[in-house]
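First the structure, in the form of structure tokens, and then the observations on it.
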Amino acid sequence: MTPTPPSNTNAWKHTACILCSVNCGLQVKVDDGHLVKIKGDKDNPRSKGYTCEKQAGLDHYQNHDDRLDTPLRRREDGTFEAIDWDTAIHEVAAKLAAIRDTHGGEKIFYYGGGGQGNHLGGAYSGATRRALGMRYASNALAQEKTGEFWVERQMFGARPEPDFERAECSVFVGKNPWQSHGFERARVILRDISKDPKRSMIVLDPRRTETADLADVFLQVRPGTDAFVLAAMLALLVEGGHLDEAFLRANASDGETLFDVLENVPIADYCERAGVPEEQVRKAANLIGQSSSVSVLEDLGIEMAPHSTLNSYLQKLLFTLTGNFGTPGTMNLGTHLGQLIGSSKDNKRSPVGGHRIITGLIPCNAVAGEILTDHPDRFRAMIIESGNPVHSLADSPRMREALDALELVVVIDVAHTETTEYADYILPGASQFEKVEATFFGGGFPDNVFQLRQRLFEPREGTLVEPEIHSRLCRALGAYTDEDLAPLREAAAESREKFGMAFLQTLSTKPQLADIVPVVLYETLGKSLPEGMASAALLWGATQSLASTEADSIRRAGFEGEGPALGDALFDAIISRPEGVVITSDPFDITFDRIHTEDGKLELVIPELVQELADLIDEAPPSKNDAFPFILAAGERRTSTANTIFRDPSWRKKDKDGALRMSPADAARLGIDSGGRVRVTTKRGSVETLIEITDTLRDGHITMPNGLGLRYTDENGERRVHGAAPNELTSSEDRDWIAGTPWHKHVRAQVEAIA
Ligand SMILES: Nc1nc2c(c(=O)[nH]1)N[C@H]1C(S)=C(S)[C@@H](COP(=O)(O)OP(=O)(O)OC[C@H]3O[C@@H](n4cnc5c(=O)[nH]c(N)nc54)[C@H](O)[C@@H]3O)O[C@H]1N2
Ligand SMILES: Nc1nc2c(c(=O)[nH]1)N[C@H]1C(S)=C(S)[C@@H](COP(=O)(O)OP(=O)(O)OC[C@H]3O[C@@H](n4cnc5c(=O)[nH]c(N)nc54)[C@H](O)[C@@H]3O)O[C@H]1N2
Ligand code: SF4
Ligand SMILES: [Mo]
């Protein structure tokens, strides 16, 4: 690949921030390999110029000491040696093929596939995975969203999204959008809501967060007791006659077994168990019941805590039972270009532990257990791409042990990480500013925006873009030859129309190529696209498939044509408008057409969860635990955290080592001052950290940031770990019974002052 240098280094270029799922549009100026000026991009149709403060640090991602610039192979003594790409590709392909031939391709496990802003690599990896006969995968979503996906699949057959821009009442459950975002222009919208007397905000969180400070009703719930508050709120909606009976009759299935349980919820008792005043819960229920539109968003605060899947269900009942669906300001179903998540229809289970596989993902907390066993079906090898599981999954010591136990670990990353240390081969990817990239996280409703970022820099010497890595692996595995692709290359050089026809023709005569479609597109159509754009080829397939299912929505966004021509028009817009494109535009009531349950109705009853709801009544109150008296939320989002995307600690201007937050009363009892050091111990491990005393927390509740505890060279040239890594403290057995999602927000801990 011989990329052309950017023509005018002085011009503003369109790109996006890659630090959270929102991917705010940016304009940047680059110079000598650096991002030197960064500002919000007013031309981005979704973020409209908005950013938070974190984007200012992006050059710390692009340029730092631990970026990789050559393939590496582990030596016998554990050190790494540089090798060339041909050697790397051929050895990796040969070793993976040997494991497939001896044990079966399904013994090779795939982890990762993208972070917050890079989902193309994972999409291309599908080719390598199928070429090897791999079957099992996981990624970070299986330690946060899979419980929610499982509920959504049954209730809606799709994923409803909130509309906080228009909602009269906005509800945040275990979510702190002021810091973590999760929807576009979050701070502007939160401020607008709080200033408008006609609109309201409800926040459920044990910590008085920046978001909670703006709320009309802040329910400072005792950690891990959300199910009780949510059950009480639902019971109050029933009691207060707030259900939208007409809506439910028209659109929902029979909910009798659910209502039977809700009618028997002891409201006062449940509020007390959750540690929130009953009259505040009543106020919240009334706001939800009386508002003309309600939107709800959950996140890690309930997804990583006890009853997490149940909480996702109860949260969704808040808006469903009150008919807040399919109208402005409520919950709606949009379109998707490209698939981030698989289907969860079939009831597949993991090969060793029999854990439920949801949207194609094995629970993260089950991964080590599928390796550390002598079960014949255990995983033998792993491909890890754009993920740092040694750091981000529960129980880091056990993850390290698991990676050590594998016969082969191949890691594709841009940086040396806690995970690459356990690799047999490290394949260096070009950074997200050195290639075309995109996110497949949702792009909004009623207008859905897709942005294909174009590269700002040439790939660093020695690196390759992931689609090229997968293409070379597939070739080395014998999944295709140049001869197979010749007709497609010719057609691509002629016209898009010819290519479309040749593509269908080739797949019908050579069905084995259907397994590796992403790579076929990359090698053929991709090579006919403008310089450096080959990785966009996969999106041609995605636009064609969207055009076949959502033609009217695409036309409403201003595109013309029928069938493949409509898909082509959309594709051309995406590759030529790097600021982002509105790809579909919808009327709100289309939401009802997008319900994909078995009978087309909203499903009110999920039997396992109705039972769990009923059983809450017998749940013993949390016992006093003298050995571990604190509840630790291990992994809080702060202005100074960005998962492990930034490795260089100097990007953090504040809270450099990530303090443990604690209430004044707890600190006084332990005799600790702000800035003092403590040892935090759990049943699994122990770390040292600084203390920050804050009146935002309940007594007995402590929080530490996510993403810290990374090894990096300090000012004195020494390699050391900066801050504490949360997963040295977590255990993989503490997890939800349905989805296997971890209880990272609910870790029992002890804290001692260090002299
Ligand atoms: N600044 C920054 N933003 C980020 C990220 C980042 O690293 N840094 N990461 C991104 C990613 S990957 C994600 S998934 C999102 C996550 O975004 P959030 O889920 O909003 O982030 P957290 O701070 O982890 O947790 C949210 C809230 O849960 C609360 N909580 C803890 N225990 C409980 C409980 O028992 N019940 C309830 N109701 N709440 C509880 C915490 O006090 C916290 O305010 O953020 C994204 N945005
Ligand atoms: N205890 C605890 N643990 C948690 C959490 C918590 O709150 N508490 N939060 C969890 C959540 S919600 C998430 S999403 C995860 C996040 O954790 P991970 O899924 O591990 O993701 P990241 O830290 O975002 O970084 C992934 C890797 O991608 C690499 N990378 C960046 N750009 C590229 C690229 O272009 N190509 C390639 N190949 N690699 C690239 C980075 O160097 C990094 O190694 O952590 C989870 N872990
Ligand atoms: S971190 Fe998120 S909200 Fe902040 S600029 Fe980046 S994408 Fe936007
Ligand atoms: Mo996440």
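The values are calculated or read from the model by the stated rules, or taken from the named source; none is laboratory data. No experiment lies behind these values; they were computed from the predicted model shown. Neighbour counts are summed over all protein chains in view; Cβ atoms, including those assigned to glycine, are modelled from backbone coordinates with ideal geometry. The area values use the complete protein model at the heavy-atom level, side chains included, leaving out ligands, DNA and RNA. Shrake-Rupley method; radii C 1.70, N 1.55, O 1.52, S 1.80 Å.
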Q: Kindly check whether there is at least one residue in region 184-200 that is at pLDDT 95 or above, within 16 Å of ligand 4 (Cβ to nearest atom) and in a helix (DSSP H, G or I).
A: yes
**Q.** Checking S471 against (1) crowded, with 24+ Cβ neighbours inside 10 Å; (2) under 25 Å from N44 (Cα atoms), the condition it does not meet
**A.** (2)
Q) Can you pull out the residues in region 567-613 that are assigned to a loop (DSSP other than H, G, I, E, B) and in contact with an Asp or Glu (Cβ under 7 Å, 6 or more places away or on another chain)? A) E579, T597
Q: Counting only residues that are touching a residue at least 40 places away in the same chain (Cβ under 8 Å) and within 16 Å of ligand 2 (Cβ to nearest atom), give me the strands (runs of 3 or more DSSP E) lying completely in region 67-128 with at least 3 of them.
A: 108-112
Q. Looking at (1) buried (at least 24 other Cβ atoms within 10 Å of the Cβ); (2) closer than 25 Å to D84 by Cβ, which is the one condition that is false for L406?
A. (1)
Q) Do we have any residue at all in region 189-203 that's surrounded by 24 or more Cβ atoms within 10 Å (Cβ to Cβ), away from ligand 1 (no atom under 11 Å from the Cβ) and within 23 Å of T641 (Cβ to Cβ)? A) no
Q. Listed residues S312, S350, S295, S308; which is open to solvent by less than 10 Å² (accessible area, probe 1.4 Å), closer than 30 Å to A405 by Cα and among the small types (G, A, S)?
A. S350
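For region 132-150, give me each residue that is within 16 Å of ligand 1 (Cβ to nearest atom) and part of a helix (DSSP H, G or I).
First, the residues of region 132-150 that are within 16 Å of ligand 1 (Cβ to nearest atom): 138-149.
Selection gives A140, L141, A142, Q143, T146, G147, E148, F149.
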(Q) Among the numbered criteria (1) surrounded by fewer than 20 Cβ atoms within 10 Å (Cβ to Cβ); (2) among the acidic types (D, E); (3) in contact with a Leu (Cβ under 6 Å, 6 or more places away or on another chain), which one does D69 miss? (A) (3)
(Q) Among the residues of region 129-165, what is the count of those that are over 25 Å from S293 (Cβ atoms), within 17 Å of the chain's Cα centre (by Cα), surrounded by fewer than 24 Cβ atoms within 10 Å (Cβ to Cβ) and away from ligand 4 (no atom under 16 Å from the Cβ)? (A) 1
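Filter region 372-389 for residues that are among the β-branched types (V, I, T) and surrounded by 23 or more Cβ atoms within 10 Å (Cβ to Cβ); which is farthest from the chain's Cα centre (by Cα)?
To start, the set of residues in region 372-389 that are among the β-branched types (V, I, T) comprises 373, 383-384.
When the remaining residues are screened for being surrounded by 23 or more Cβ atoms within 10 Å (Cβ to Cβ), the result is 383-384.
Numbers: I383: 19, I384: 16 Å.
Ranking the candidates gives I383 first.
This table checks each residue for (1) farther than 26 Å from P446 by Cβ; (2) away from ligand 2 (no atom under 16 Å from the Cβ).
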{"site": "E560", "(1), (2)": "no, yes"}
{"site": "D568", "(1), (2)": "no, yes"}
{"site": "V582", "(1), (2)": "no, yes"}
{"site": "K601", "(1), (2)": "no, yes"}
{"site": "E612", "(1), (2)": "yes, yes"}
{"site": "D618", "(1), (2)": "yes, yes"}
{"site": "A633", "(1), (2)": "yes, no"}
Q. So, in region 243-277, of the ones that are more than 30 Å from G600 (Cα to Cα), in a helix (DSSP H, G or I) and touching a residue at least 40 places away in the same chain (Cβ under 8 Å), which residue ends up most open to solvent (accessible area, probe 1.4 Å)?
A. R273
Q) How do the pairs read when you match residues in region 641-656 that are more than 12 Å from ligand 1 (Cβ to nearest atom) with residues anywhere that are aromatic (F, W, Y), using Cβ under 7 Å and keeping only pairs 6 or more apart or on different chains? A) R647/Y712; D648/Y712; P649/Y712
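Please pick out the residue among F183, F109 that is touching a Phe, Trp or Tyr at 6+ places or on another chain (Cβ under 8 Å) and surrounded by fewer than 23 Cβ atoms within 10 Å (Cβ to Cβ).
F183
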(Q) Looking at R153, R129, can you tell me which residue is more than 30 Å from D196 (Cβ to Cβ), assigned by TED's automatic domain parsing to the domain that holds N251 and more than 16 Å from ligand 1 (Cβ to nearest atom)? (A) R153
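So, of the residues in region 53-66 that are open to solvent by less than 30 Å² (accessible area, probe 1.4 Å) and either more than 16 Å from ligand 4 (Cβ to nearest atom) or without any contact (Cβ under 8 Å) to a residue 40 or more places away in the chain (or both), which turns out to be farthest from E210 (Cα to Cα)? Steps first, answer last, please.
Narrowing region 53-66 to residues open to solvent by less than 30 Å² (accessible area, probe 1.4 Å): 54-55, 57-58, 61-62, 64, 66.
Now narrow it down to the ones that are either more than 16 Å from ligand 4 (Cβ to nearest atom) or without any contact (Cβ under 8 Å) to a residue 40 or more places away in the chain (or both): 55, 57-58, 61-62, 64, 66.
Numbers: Q55: 19, G57: 22, L58: 24, Y61: 27, Q62: 30, H64: 31, D66: 34 Å.
That would be D66.
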Q.
Of all residues being of a type in the set (D, E, K, R), modelled with pLDDT under 95 and assigned to a loop (DSSP other than H, G, I, E, B) in region 696-755, which is least open to solvent (accessible area, probe 1.4 Å)? Just the residue, please.
A. D714
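Just to verify a result, which residue in region 204-231, among those that are in a helix (DSSP H, G or I) and of a type outside the set (D, E), is most open to solvent (accessible area, probe 1.4 Å)? I'd like the intermediate steps shown before the answer.
Looking only at region 204-231, we keep the residues that are in a helix (DSSP H, G or I), and these are 212-214, 226-231.
Then drop every residue that is not of a type outside the set (D, E), which leaves 212, 214, 227-231.
Working: A212: 6, L214: 45, A227: 1, F228: 7, V229: 0, L230: 1, A231: 0 Å².
Step by step, filter region 204-231, then rank; the result is L214.
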Q. In region 9-52, what count of residues is obtained for those that are free of Cβ contacts under 8 Å to residues at least 60 places away in the same chain, part of a loop (DSSP other than H, G, I, E, B) and either of a type outside the set (F, W, Y) or surrounded by 20 or more Cβ atoms within 10 Å (Cβ to Cβ) (or both)?
A. 7
